[in-house]
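Asker: Just dropping this structure here.
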Amino acid sequence: MTDSQVSTIDDPVETKKPRKAAVAEVAKGKSNVEGLSGKMEIITIHSERGEGGGDAVPVGLNGYLYQIPRDEPFEVPTEVAHILRNAVTTTIRPGANGVNTERSMPRHAFSAVPA
């Protein structure tokens, strides 16, 4: 037999407490990734319009994840800043006479200075 039961709208609903989300550790200070240049940069990733435009930006480097908060200065290895510089979004739009127009833009607006 099966363990299924018939219920109606009037039956009390048992709710489970949601699990607490794990808080990601934010990488600060010196990098713990072997083989990097040792140089650091202070970056500020600016908020964007739309859904998730204020969320922290995840950047992966050699198996390590950097959760970089937006709108505040944050010190990261130079290699992480290079990843952000190289991250582009390409859009293709149809143009006149069937010619497509391709446009590449930076994925995130940010500013950076050497630390």
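The values are calculated or read from the model by the stated rules, or taken from the named source; none is laboratory data. Everything numeric in this text was worked out from a predicted model, so none of it was measured. So basically every Cβ, Gly included, is an ideal-geometry build from the backbone, and we count neighbours across all protein chains shown.
Asker: Quick one: which of Gly63, Gly52, Gly38 is modelled with pLDDT of 70 or more, within 25 Å of Ala109 (Cβ to Cβ) and out of contact with any Phe, Trp or Tyr (no Cβ under 7 Å at 6 or more places or on another chain)? Write out each step before concluding.
Answerer: Numbers: Gly63 fails: within 25 Å of Ala109 (Cβ to Cβ); Gly38 fails: within 25 Å of Ala109 (Cβ to Cβ).
Within the list Gly63, Gly52, Gly38, the selection yields Gly52.
Asker: While we're looking at this one, here's another question. How about the stretch 69-98: which of its residues are at pLDDT 90 or above and among the β-branched types (Val, Ile, Thr)?
Answerer: Of everything in the stretch 69-98, those that are at pLDDT 90 or above and among the β-branched types (Val, Ile, Thr) turn out to be Thr78, Val80, Ile83, Val88, Thr89, Thr90, Thr91, Ile92.
Asker: A follow-up question, please. If you check Arg93, Arg85, Arg107, Arg70, which single one turns out to be free of Cβ contacts under 8 Å to residues at least 40 places away in the same chain, in contact with a Pro (Cβ under 8 Å, 6 or more places away or on another chain) and not hydrophobic (A, V, I, L, M, F, W, C)? So that I can check it myself, show each step before the final result.
Answerer: On the way: Arg93 fails: in contact with a Pro (Cβ under 8 Å, 6 or more places away or on another chain); Arg107 fails: in contact with a Pro (Cβ under 8 Å, 6 or more places away or on another chain); Arg70 fails: in contact with a Pro (Cβ under 8 Å, 6 or more places away or on another chain).
Going through Arg93, Arg85, Arg107, Arg70 in turn, the sole match is Arg85.
Asker: For the stretch 72-115, which positions are among the acidic types (Asp, Glu) and surrounded by 10 or more Cβ atoms within 10 Å (Cβ to Cβ)? Let's see the steps before the verdict.
Answerer: Here is the first cut: in the stretch 72-115, the residues among the acidic types (Asp, Glu) are 72, 75, 79, 102.
Glu75, Glu79, listed by residue number.
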